[in-house]
Amino acid sequence: MQPEEFRAAAHELVDWIADFRARVPDLPVRSTVAPGQVRDALATAPPEQPQAFDDLLRDLSDVVVPGLTQVQHPGYFAWFPSNASLASVLGDLASSGLGALGITWQSAPALTEVEEVVTDWLRELTGLSDAWHGAIHDTASTGVLVAMLAARERASGLSETRGGLQAEPAPLVVYTSTQAHSSTPKAVLLAGFGRDNLRMIDVDPATFAMDVDALRRAMADDVAAGRRPAAVVASVGTTGTTAVDDVAAIVEAAREHGAWVHVDAAMAGSAMLLPECRWMLDGVEGADSLGWNPHKWMGTILDTSLLYVRDVEHLVRVMSTNPSYLRSAVDGEVTQYKDWGIPLGRRFRALKLWFHLRLDGAEAIRARLRRDLANAQWLREQAESEPGWQVVAPVPLQTVCLRHIPVVDGAPLEGEVLDEHTLAWCERVNATGRAFVTPAVIGGRWTVRVSIGAEATELADVEELWSLCRAAVVPA
Ligand SMILES: Cc1ncc(COP(=O)(O)O)c(C=O)c1O
């Protein structure tokens with residue numbers, strides 16, 4: 001494709017995207033396609049000859065769009081917000097159009113330095129001190145894996161340069177809570193600690209935050225048994241209920257054993273843009289790494305995940321592909337992001353954040369986050385004041401976990417029958433196509449999570465969801 005052909009097609013595509021975004025509110029929120037339906041609708045043979053751009057656009061409209069759950073829909077309340085602000089979409093387009101290759105500073109100096117600028121901007125906007133240094137990764141899952149690798153190497157005195165973990169005399173142990181996102185156990189296993197050395201610490205039954213006394217006891221037991229606490233992963237905003245672990249207390253407990261502290265704020269990190277929410281990260285300055293996703297609530301399109309560390313020199317020692325592990329991060333004059341994580345080649349992801357912040361501005365983003373927090377409180381108040389409804393967990397952020405408990409034959413429903421009722425009314429809400437909520441097991445019973453925070457969701461949409469929920473608990 002030549003630049004002039006690209007110009008014509010790209011104009012058409014941009015028009016198509018703008019039209020699509022305008023009609024998202026009229027689409028069903030949850031995709032209704034059956035498994036295999038998209039595949040069956042597409043040609044099976046790879047194209048030998050160029051096809052018409054219009055044919056491609058038609059398939060986008062007719063096959064791809066129905067095959068997507070519309071996470072930009074104002075009635076999207078499932079999993080977690082996955083906003084894709086149009087300003088950041090422009091940055092993504094610019095990134096692809098520039099076709100840059102980020103393997104070293106030299107291969108794309110601007111790619112490196114814009115990333116330094118935007119990670120510094122977000123550090124400032126979230127109230128972190130300048131002791132932190134950030135890089136953009138694809139996801140928080142990658143971020144926690146990088147953190148676990150760094151933790152492993154710190155605890156083992158760079159065992160990778162000898163026999164690796166396999167030659168270590170004492171097992172290294174990692175701690176997180178039972179409410180931690182599955183990416184944490186996954187990272188611990190991939191980093192070679194082994195399931196036997198992963199402790200899922202109990203949580204407070206009311207707040208779902210890690211029980212730090214239980215953490216302390218688990219660490220002491222491990223030390224007594226000849227094992228070494230290597231890392232603790234604290235969650236700020238758990239996936240289930242947005243519970244907030246006490247980072248300061250965890251840092252203090254970890255410090256006694258020299259254990260690394262990683263803070264997983266994948267979803268809740270966006271709230272740190274609001275000074276009134278920063279209490280959730282109290283103590284973070286004593287942690288070693290912090291990951292959060294602008295590609296969730298804040299709204300910079302996937303994949304934009306931030307990983308901040310304090311000791312870049314250590315990270316580079318662990319990750320550097322240069323032969324000498326003794327080489328220090330400050331030896332060179334420039335940042336080599338290839339030595340801050342796993343991949344060698346990097347996309348120009350920083351442009352998404354750069355466009356998003358420059359075109360929308362932090363003030364508008366903060367206003368939207370505050371709107372969502374207020375809408376969550378509105379829904380909590382409705383549920384708390386309506387007989388038969390229960391708000392299952394505190395609502396520190398934008399997620400409200402609901403259960404409806406009908407009274408049948410004079411007794412409130414419980415056990416598996418209650419679970420069946422919950423899953424049934426959840427499905428009735430989703431089947432309307434007007435809203436999409438996802439259930440999760442919380443405290444041993446199914447619960448419907450309402451995760452507020454799509455860019456398009458206004459109070460009227462939350463009001464509509466609440467009406468749908470109330471209608472859905474009464475079987476037709
Ligand atoms: C608390 C938490 N941590 C980690 C993740 C994983 O995020 P990612 O999809 O960026 O790997 C999620 C996603 O839901 C999450 O809620």
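The values are calculated or read from the model by the stated rules, or taken from the named source; none is laboratory data. None of these values were measured; they are calculated from a predicted model. Note: ideal-geometry Cβ built from the backbone for every residue, glycine included; neighbour counts use all protein chains shown. Calculation scope for accessible area: heavy atoms of the full protein, side chains included, ligands and nucleic acids excluded. Shrake-Rupley method; radii C 1.70, N 1.55, O 1.52, S 1.80 Å.
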Search region 224-240 for residues that are within 11 Å of His262 (Cα to Cα) and touching a residue at least 60 places away in the same chain (Cβ under 8 Å) and pair each with any residue that is part of a helix (DSSP H, G or I) and within 15 Å of the ligand (Cβ to nearest atom) when their beta-carbon atoms are under 7 Å apart and the residues are at least 6 apart or on different chains. Ala231/Met148; Val233/Val144; Val233/Thr184
Cβ-Cβ under 8 Å pairs, at least 6 apart or on other chains, region 261-276 side within 7 Å of the ligand (Cβ to nearest atom), far side of a type in the set (A, V, I, L, M): Asp264/Ala140; Asp264/Val144; Asp264/Ala180; Asp264/Val233; Asp264/Ala234; Asp264/Val236; Ala266/Ala140; Met267/Leu397
Just one listed residue, out of His133, His181, is within 15 Å of the ligand (Cβ to nearest atom), of a type outside the set (A, V, I, L, M, F, W, C) and open to solvent by 60 Å² or more (accessible area, probe 1.4 Å), and it is His181
Going by the conditions given, is Ser159 hydroxyl-bearing (Ser, Thr, Tyr), touching a Lys or Arg at 6+ places or on another chain (Cβ under 9 Å) and more than 24 Å from Arg278 (Cα to Cα)? yes
Taking the conditions exactly as written (at pLDDT 95 or above, more than 26 Å from the chain's Cα centre (by Cα) and of a type in the set (D, E, K, R)), does Asp92 satisfy them or not? no
Hey, can you tell me all the residues within region 239-254 that are out of contact with any helix residue (DSSP H, G or I) (no Cβ under 9 Å at 6 or more places or on another chain) and open to solvent by less than 20 Å² (accessible area, probe 1.4 Å)? Gly240, Thr241, Ala243
Residues being under 30 Å from Asp26 (Cα atoms) and buried (at least 22 other Cβ atoms within 10 Å of the Cβ) - total across region 88-126: 3
Counting only residues in region 234-249 that are in contact with a strand residue (DSSP E or B) (Cβ under 8 Å, 6 or more places away or on another chain) and not β-branched (Val, Ile, Thr), the one farthest from the ligand (Cβ to nearest atom) is identified as Asp246
Say whether the condition of being modelled with pLDDT of 95 or more, surrounded by fewer than 21 Cβ atoms within 10 Å (Cβ to Cβ) and under 25 Å from Gly269 (Cβ atoms) is met by at least one residue in region 462-473. no
Being at pLDDT 95 or above, assigned by TED's automatic domain parsing to the domain that holds His262, in contact with a Phe, Trp or Tyr (Cβ under 9 Å, 6 or more places away or on another chain) and within 16 Å of the ligand (Cβ to nearest atom) is true for just one of Val144, Val174. Which residue is that? Val174
If you go through region 310-322 one residue at a time, do you hit one that is within 12 Å of the ligand (Cβ to nearest atom), touching a Ser or Thr at 6+ places or on another chain (Cβ under 8 Å) and at pLDDT 95 or above? no
Of all the helices (runs of 4 or more DSSP H) wholly in region 1-94, which have at least 3 residues that are hydrophobic (A, V, I, L, M, F, W, C) and either over 29 Å from Ala266 (Cα atoms) or not assigned by TED's automatic domain parsing to the domain that holds Ala435 (or both)? 3-23, 53-59
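Do any strands (runs of 3 or more DSSP E) entirely within region 381-443 hold 2 or more residues that are of a type in the set (A, V, I, L, M) and within 26 Å of Ala268 (Cα to Cα), and if so, which?
It comes to 399-404, 438-442.
Quick grid of which residues meet (1) in the same structural domain as Val284 (by TED's automatic domain parsing); (2) within 16 Å of the ligand (Cβ to nearest atom); (3) in a strand (DSSP E or B); (4) surrounded by fewer than 22 Cβ atoms within 10 Å (Cβ to Cβ):
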site: Lys186; (1), (2), (3), (4): yes, yes, no, yes
site: Pro205; (1), (2), (3), (4): yes, no, no, yes
site: Arg217; (1), (2), (3), (4): yes, no, no, yes
site: Val232; (1), (2), (3), (4): yes, yes, yes, no
